[in-house]
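Here the structure is laid out as structure tokens; the discussion comes afterwards.
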Amino acid sequence: MRITVLGKSPAWQDTGGACSGYLIEEAGTTVLLECGSGVFGKLRAHCDYTDVDAVVISHLHADHFIDLIPYSYALLLTPRQQPVPVAGHPGTDDPARPRLVAPPGARQMFRDVVGSWGDGELVEKAFEVEQFDPRSAVEIGPFAFRFAEVPHFILTHAVEVSSGSGRFTFGADCRPCEELVEFARGTDLLFVEATLPRPERTGIRGHMTPAEAGDHARRAGAGRVVLTHISDELDADWARKEGSAAFGGPVEVAREGGVFEL
Ligand SMILES: [Zn+2]
């Protein structure tokens, strides 16, 4: 299993960067986990977007799904996906239509967003939309995807991807909790969010600091740990030190283009 960080920014992009997007590849199967702002362009730098087998979304915040909109337009409008010859392309009877594995409520959310300018079926025309049931695993090629609800501002699921080569756990966005610790217990590789320079001072908590992220990884007994969903406006060395101290060993900080192999 090969995981490439396409985007690791929080809800606003780093300079020249992208919000959440992770490409997961093994044995000819390609899955995009999260498709936040800026991710579609980054995806194109790594692979042909018509070769992606499935997109998986953890929760319906814009920084995790909004680039499904340009992705949908590309799948529907690019000349090589048309049934007749266009612009030097021969035409195809079998245009790519990747699976889109998204949380309960996603279909209506997509209709509401793109419907606001009269294009309500856009995402469903471009993708084979499936709403996952968090109690059931989803098989995609050699991967089994499992989901566990974690506490955030809206319905959100941590995602586990396992195959013959190992187990990768993505914590999605969450506040400090036991749910992620339980779900990630003994995982080979944990991507855990480290959005905050300090805990939220008011309101409901929704995110974690690098120290809290490292603490969750330690409690879960994770093998390798990568802090993600972190802005270029936070000092990566500071985050690494805070996370490593809490984990009790070295943690890494995600950077765009970073590759992790299991
Ligand atoms: Zn979120």
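The values are calculated or read from the model by the stated rules, or taken from the named source; none is laboratory data. Fair warning: this is a prediction, and the values are worked out from it, not measured in the lab. Cβ atoms come from the backbone with ideal geometry, glycine included; neighbour counts cover every protein chain shown. Note: accessible area is taken over every heavy atom of the protein model, side chains too, but ligands, DNA and RNA are not part of it. Shrake-Rupley method; radii C 1.70, N 1.55, O 1.52, S 1.80 Å.
Below is a table of values for the structure above.
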read-out: Test: residue in region 64-74 that is within 16 Å of the ligand (Cβ to nearest atom), touching a residue at least 12 places away in the same chain (Cβ under 8 Å), surrounded by fewer than 22 Cβ atoms within 10 Å (Cβ to Cβ) and under 17 Å from R111 (Cβ atoms); value: yes
read-out: L60 within 22 Å of F147 (Cβ to Cβ), open to solvent by 20 Å² or more (accessible area, probe 1.4 Å) and within 16 Å of the ligand (Cβ to nearest atom); value: yes
read-out: Subset tally (residues that are touching a residue at least 24 places away in the same chain (Cβ under 8 Å) and away from the ligand (no atom under 16 Å from the Cβ)) for region 183-203; value: 9
read-out: Region 11-28: number of residues that are under 16 Å from G257 (Cα atoms) and part of a loop (DSSP other than H, G, I, E, B); value: 8
read-out: For W117: the one exception among (1) open to solvent by 70 Å² or more (accessible area, probe 1.4 Å); (2) in contact with a helix residue (DSSP H, G or I) (Cβ under 8 Å, 6 or more places away or on another chain); value: (2)
read-out: Members of region 134-171 found to be out of contact with any Gly (no Cβ under 6 Å at 6 or more places or on another chain) and within 16 Å of the ligand (Cβ to nearest atom), listed by number; value: F147, A148, E149, V150, P151, I154, L155, T156, H157, V159, F170, G171
read-out: Test: L180 is away from the ligand (no atom under 16 Å from the Cβ), under 27 Å from A62 (Cα atoms) and open to solvent by less than 20 Å² (accessible area, probe 1.4 Å); value: no
read-out: Selected residue (only one of T156, T202 is modelled with pLDDT under 95 and either crowded, with 22+ Cβ neighbours inside 10 Å or of a type in the set (V, I, T) (or both)); value: T202
read-out: Breaking point among (1) within 16 Å of the chain's Cα centre (by Cα); (2) assigned to a loop (DSSP other than H, G, I, E, B); (3) of a type in the set (G, A, S), for G206; value: (1)
read-out: Answer from V55, V31 - the residue that is outside any helix (DSSP H, G or I) and either within 16 Å of the ligand (Cβ to nearest atom) or out of contact with any helix residue (DSSP H, G or I) (no Cβ under 8 Å at 6 or more places or on another chain) (or both); value: V31
read-out: Flag if V101 is under 22 Å from G7 (Cα atoms), in contact with an Asp or Glu (Cβ under 6 Å, 6 or more places away or on another chain), more than 16 Å from the ligand (Cβ to nearest atom) and not basic (K, R); value: yes
